[in-house]
Amino acid sequence: MLGHLNKNTGSDGKKNYEGTGDLRADSDELIYLDAIKHSNGSLTVSTRIDKSRGNIKDVTFEIGADRAVSVSSSYIDVMSVIEKQQPSFTIEQG
């Protein structure tokens, strides 16, 4: 089963899974695909396991500009990379 999720991002920086009905409740495994698009047209895509009943591990894929896909030798936490790229905001009161 493959579900499409809401494009809104929560306060934790993760995409919401709203709009998928009971997808989370009805599945044994729930795995998000988080991606970073690079300036050369390539992508780094990593899994983010949200719910697991089996013995699965996160994995990272490199997708070239030519759409050739390879499995990375190490896992890249794409969400952490995205969070580090976000500007930090300071609210000044006064």
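Just so it is clear, none of the values below were taken in a lab; they were calculated from the coordinates. These numbers come from a predicted model, not from an experiment. Heads up, the Cβs are rebuilt from the backbone with ideal geometry, glycines too, and the neighbour counts pull from every protein chain shown.
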Handout entry: Linear extension gain, Asp26 paired with Tyr75, 0.36 nm per residue minus alpha-carbon span
Key = 14.9 nm
Practice task
Set the Förster radius R0 to 22 Å, insert the Cβ-Cβ distance between Ala65 and Leu33 as r into 1/(1 + (r/R0)^6), and round the FRET efficiency to 0.05.
Solution key: 0.75
Problem - Rg(Cα)/(2.2 N^0.38 Å) for region 29-85, N = residue count - result: 1.17
